[in-house]
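The values are calculated or read from the model by the stated rules, or taken from the named source; none is laboratory data. Only a predicted model underlies this, so the values are computations on that prediction, with no experimental measurement involved. Positions of Cβ are backbone-derived with ideal geometry, glycine not excepted, and every protein chain shown enters the neighbour counts. SASA here: full protein model, heavy atoms, side chains in, ligands and nucleic acids out. Shrake-Rupley method; radii C 1.70, N 1.55, O 1.52, S 1.80 Å.
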Amino acid sequence: MAFAIDEINRNSNLLPNVTLGYSLNDNCVNLGIGFRSALSLASGQDEHFILDKTCVVRQNVTGLQWMASEAWTAGTPLQTPHLMPYLSGTLGIAIRRGEIPGFRDFLLRISPDIQHNNRYGNNVPPRSVCSESCPPGTRMARKKGQPECCFDCIPCSEGKISNNTDSMECTSCPEDFWSSPQRDHCVPKKIEFLSYQEPLGIFLTATTLLGTLICAVVLGISIYHRSTPIIRANNSELSFQLLISLKLCFLCSLLFIGRPRRWTCQLRHAAFGISFVLCVSCILVKTVVVLAVFKASKPGGGGSLKWFGAVQQRGTVMVLTSIQAAICTAWLVSASPAPHKNTQYHNDKIVYECVVGSTVGFAVLLGYIGLLAILSFLLAFMARNLPDSFNEAKLITFSMLIFCAVWVAFVPAYISSPGKYADAVEVFAILASSFGLLVALFGPKCYIILLRPERNTKKAIMARGIES
């Protein structure tokens, strides 16, 4: 204290034309005397107090009386006394003629070094602030019109943190990180994609494998019974190709599950587009062959079959599929699909997805599949009333109706689904349309082969054709 007073008196910039003095007395741990002397000084009364001269050994300073006067050495006291009493454990300064410039800041600098006595006998540093310290996760906000030591602690907003006490600003987390719940450190953002480990991914994977297994079983049954009339009457070679293409359709679903990578993004739509065109091409050629066979059965129509022999059927399927392959190649070369980290859906998550690259390319791919499907449906619808001995036109009509309905519903659902749910919608459409074709086209045949073998004869098939 004496050092501080000496420094103030020496520095003419702090209190110009004012000299400070002090009177230090021992009140022998009698707080009443200390308070009364402080109030006497503050009120300007020149009251003397008789102190007990027989203090115990322990002596504590509980009161400081500060007096100031202009030209102290001249003996002219100020009419306004200065007071710095300890009240309720807080060091305060009362100066009646307005605040002295620079004096409060000086006291704030030296206050951490001052200790005082409280009623419990503990020495603790006096507090020179009106607000508590702001913990990590918050920032200081000054209270307008109040001293600098008065502020509010404002929690950091989402995505920002402060990891120090009394931070003035909150700092933003890096792009791949997000603020912790306490806003005191950054944590890596959660990564979201259609995973093999989550329930939805497990269900879709299991359904895909089930469909592939059923295709394999039906193919085995068809090959084993390939010499029976029901297989021979429905173009066994195209039926085998159709089953193989359906297996590829099921398996391409797996490319949509798992963390997107560059090669999976490029392969998923190409495999999907080519597999489904191969499948629908086989159905289209089967439908055309049905019409050709029926026309050849009539007088003078025998020449129509020469244009739809086995070689022509294979060639037509290859040409139609090659067109889709060319579309996929042009798409991949011009604007290839690629993995993308999307942070627009959720602030605290990174959604891994495959961007199609070219919306036009994706639309042309789907449009070509739709064109072949609609053409197959129309031809099958025209041939639906032909005798059953020739074909499966009714089954094709029903299967293509399911196929078209699924993919018409797919487009709006895909556009409105964000992130991994868009992939789930596409996988669901692939599986639904594949199961529709598999059940509609091969279910009745397998039923007859396995459960009604008496109907798997040439006589029975011809009889149904005559009845039709």
Along the stretch 252-263, Karplus-curve 3J(HN,Hα) (6.51, -1.76, 1.60; θ = phi - 60°) to the nearest Hz, with x for Gly and Pro, reads 5, 4, 5, 5, 8, 10, x, 5, x, 10, 4, 6
Counting only residues 5 or more apart in sequence or on a different chain, those whose built amide H sits under 5 Å from that of E192 are I350, V351, Y352
For the pair T359 and L213, the simple spin-label estimate (label points 7 Å beyond Cα toward Cβ) gives in nm 4.1
As straight-line cross-link partners of K143, the qualifying lysines (C-alpha separation under 24 Å, not fewer than 8 residues apart within one chain) are K160
Long-range amide H partners of R139, meaning residues 5 or more apart or on another chain whose placed amide H is closer than 5 Å, are I154, C156
Rounded to the nearest 10 Å², the accessible area of S172 using a 1.4 Å probe with every protein chain kept is 80
Reported to the nearest 10 Å², T207 has, with a 1.4 Å probe, an accessible area equal to 30
Listed by chain and number, the residues whose amide H is under 5 Å from that of Y22, excluding neighbours fewer than 5 places away on the same chain and using placed H, are M67
For the pair A405 and N9, the simple spin-label estimate (label points 7 Å beyond Cα toward Cβ) gives in nm 10.4
With x for Gly and Pro, the residue-by-residue ³J(HN,Hα) of the stretch 342-357, computed from phi through the Karplus equation 6.51 cos²θ - 1.76 cosθ + 1.60 at θ = phi - 60° and given in whole Hz, is 9, 10, 7, 6, 9, 6, 9, 9, 10, 9, 7, 8, 9, 7, 6, x
Rounded to the nearest 10 Å², the accessible area of E7 using a 1.4 Å probe with every protein chain kept is 70
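Which loop trypsin sites (Lys or Arg not before Pro) in the stretch 124-183, with loop taken from DSSP, have no more than 12 other Cβ atoms within 10 angstrom of their Cβ? All intermediate terms of the calculation are to be shown ahead of the outcome.
Values: sites: R127, R139, R142, K143, K144, K160, R183; in loops: R127, K143, K144, R183.
Passing both the DSSP loop test and the Cβ count: K144.
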Phi angles of the stretch 142-155, converted by Karplus (6.51 cos²θ - 1.76 cosθ + 1.60, θ = phi - 60°) into ³J(HN,Hα) in whole Hz with x for Gly and Pro, give 4, 7, 5, x, 10, x, 4, 7, 9, 7, 10, 9, 9, x
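Checking the table K189/K247; K394/K420; K394/K458; K144/K349; K144/K189; K394/K459 against a 31 Å threshold on Cα-Cα, which pairs fail? Please list the in-between numbers first.
Details: K189/K247 38 Å; K394/K420 37 Å; K394/K458 20 Å; K144/K349 38 Å; K144/K189 37 Å; K394/K459 21 Å.
The answer is K189/K247; K394/K420; K144/K349; K144/K189.
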Counting only protein heavy atoms and rolling a 1.4 Å probe, one gets per residue an accessible area for the stretch 165-265 in Å² of 53
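Given a Förster radius of 35 Å and the C-beta distance between A326 and R261 as r, what FRET efficiency does 1/(1 + (r/R0)^6) yield to the nearest 0.05? Provide the component values of the computation, followed by the final result.
On the way: r = 25 Å, r/R0 = 0.71.
It comes to 0.90.
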With a Förster distance of 51 angstrom and the Cβ-Cβ distance between M382 and D152, calculated FRET efficiency to the nearest 0.05 equals 0.05
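First measure r as the distance between the Cβ atoms of K143 and N164, then evaluate 1/(1 + (r/R0)^6) with R0 = 30 Å and state the FRET efficiency to the nearest 0.05. Mind showing how you got there, number by number?
Values: r = 21 Å, r/R0 = 0.69.
E between K143 and N164, to the nearest 0.05, is 0.90.
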Placing each pseudo-label 7 Å from Cα in the direction of the beta carbon, H340 and Y196 end up separated by a distance in nanometres of 2.6
